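This report refers to the structure that appears directly beneath it.
Each value in this text was obtained by applying a stated rule to the coordinates, not by laboratory testing. As the structure is a prediction and not an experimental result, all values here were calculated from the model. Quick reminder, even Gly has a Cβ in these numbers, built from the backbone with ideal geometry, and neighbours come from all protein chains shown.
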Amino acid sequence: MSFSQSMAPGPTTYHPHHHVHPSNPRRRRREHDEPYPLYPPPPHGHPYTASATIPYHAPCDPLALSHLEDRRFPPLPHPATVPPPSKRARLEHETRLDPPAVSPAPARSREDGSTGALLSRDEIERRSPSRRDGIDSALEARLRDSYCVYLHCLGIRLGLPQTTIATAVVYCHRFFFHRSHACHDRFLVATAALFLAAKSEETSCLLNTVLRTSCEVSQNQEFNILPYMMCGQDWFEQYRERVIHVEQMILTTLDFELEVTHPYASLSSSLSKLGLSQTVLFNMAWNLINEGLRSSLWLQFKPHHIAAGAAFLAAKFLRYDISLNPRFWHEFKTAPNIVQDVVQQLKEIL
């Protein structure tokens, strides 16, 4: 008997796409489903017995949908019965589904030329972690000024160049932008930052020398850090371990971004092209840049912007309008509004 002759007669028609056994509990019966036909008994000599379940066979065509997918995804109606949507309706549907396009904010490169973004003054004040610990902006400015003066005294005592001292100051500014003054001793952080900056600027000195010199500088009542260390006879070793620990904390906080570009090179190059390198204006602008280290200008502006503001303010003190020189804006590569912002913040700290 052939396979087609073994089918039981009846009104039900066998569909080749129906491969789900009627006893399958995962197949739920619906009212609109057609009745399932019974599978024919296995032929004589089939390896499966009558009680065994006939295995599932996939369709020969891999692109053919099973009857379950036919139920879930019914065929589209004939185009003659349903007219296609208009172009306006399609555009409205796509607009409704797509999210609104957001134009990206213009990226501002970091002051040292690395990846990152410069910050505005309001953003620095708002995101300062010291605010959560009850330290207002005025008190934070005094704390910032104190560790800048400490770094200047320590760097001069060690004989380090001004660029190394400025790098250490910038490290402290970046560190306290992410960390609170209430949780970290600023003089301990400044000592570790100067030791790290000396290595970064290739003017390294021994750690013990930095520690001994910091102890000498701390004899001043303004820089009182020794009471934190004098816990016993091995206080110097404890001091050393704490400085090493804070140095590692600075590295992780700054994400190992240690490159800093200062405005000194831009100031020297631009004023030299203007014929003002060997003048009083150059020396005064250099000193204004050093004074600007006590502020957060290095987190807000690029180096040549700070140099332009210092040169403009120095010329103003000398009753000379340097902006009348048509090459001034071209050499410093800046705009008047940026220079005015830098000049205003330099005036506040003088």
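Where Lys and Arg each count +1 and Asp and Glu each count -1, what net charge lies around residue 340 among other residues with Cβ under 15 Å from its Cβ?
Summing Lys and Arg as +1 and Asp and Glu as -1 gives 0.
Can you work out ³J(HN,Hα) from phi for every residue in region 127-140, in order, using Karplus 6.51 cos²θ - 1.76 cosθ + 1.60 and θ = phi - 60°, giving whole Hz and x for Gly and Pro?
8, 5, x, 5, 5, 5, 9, x, 9, 7, 5, 5, 5, 5
Long-range amide H contacts for residue 201: which residues qualify at under 5 Å (H placed 1.01 Å from N, peptide plane, sequence gap of 5 or more or a different chain)?
For residue 201, no residues qualify.
To check my understanding: the extent here is largest minus smallest coordinate of the Cα atoms along each principal axis. What are those three numbers for region 263-349, in Å, largest first?
30, 23, 23
Suppose R0 equals 25 Å. What FRET efficiency, 1/(1 + (r/R0)^6) with r the Cβ-Cβ distance, do residue 284 and residue 244 give to the nearest 0.05?
In this case the efficiency is close to 0.05.
So between residue 327 and residue 268, what do we pick up on full extension, going 0.36 nm a residue minus the alpha carbon distance?
19.7 nm
So if each residue of separation counts as 0.36 nm, and I subtract the Cα-Cα distance between residue 162 and residue 127, what length gain in nm does that give?
Here the segment from residue 162 to residue 127 would lengthen by 9.7 nm.
Would you tally the net charge around residue 210, using a Cβ to Cβ cut-off of less than 12 Å, leaving residue 210 out, and scoring K and R as +1, D and E as -1?
Value of the local net charge: +2.
In whole Hz and in residue order, list the ³J(HN,Hα) couplings for region 318-329 that follow from phi through the Karplus curve 6.51 cos²θ - 1.76 cosθ + 1.60, θ = phi - 60°; x for Gly and Pro.
Along region 318-329, the couplings run 8, 6, 10, 8, 6, 6, 6, 6, x, 8, 4, 5 Hz.
Calculate the tail of P(r) for region 121-168: the fraction of all Cα-Cα distances greater than 13 Å, expressed in %.
Considering region 121-168, 63 percent of its Cα-Cα pairs are separated by more than 13 Å.
Could you run the Karplus curve 6.51 cos²θ - 1.76 cosθ + 1.60 with θ = phi - 60° over region 244-259 and give me ³J(HN,Hα) per residue in whole Hz, x for Gly and Pro?
3J(HN,Hα) across region 244-259, in whole Hz: 5, 5, 5, 4, 5, 5, 5, 4, 5, 5, 7, 6, 6, 8, 9, 7.
By how many nm would the segment from residue 251 to residue 120 grow when fully extended, if each residue of separation counts as 0.36 nm and the alpha-carbon distance is taken off?
44.8 nm
Under a 5 Å amide H to amide H cut-off, with H placed in plane at 1.01 Å, what residues pair with residue 260 once short-range neighbours are removed?
It is none; the list stays empty.
Search the structure for amide H atoms under 5 Å from the amide H of residue 279, placed 1.01 Å from N in the peptide plane, and list their residues when 5 or more places away or on another chain.
none
What percent does the relative contact order of region 121-253 come to when contacts are Cα pairs within less than 8 Å and at least six residues apart?
27
Under a plain spin-label model, where a point goes 7 Å from the Cα along Cα-to-Cβ, how far apart in nm are residue 340 and residue 219?
If labels sit at residue 340 and residue 219, their model points lie 5.0 nm apart.
What's the local net charge at residue 195, with K and R +1, D and E -1, over the other residues with C-beta under 14 Å away?
Overall, the nearby charge balance is +1.
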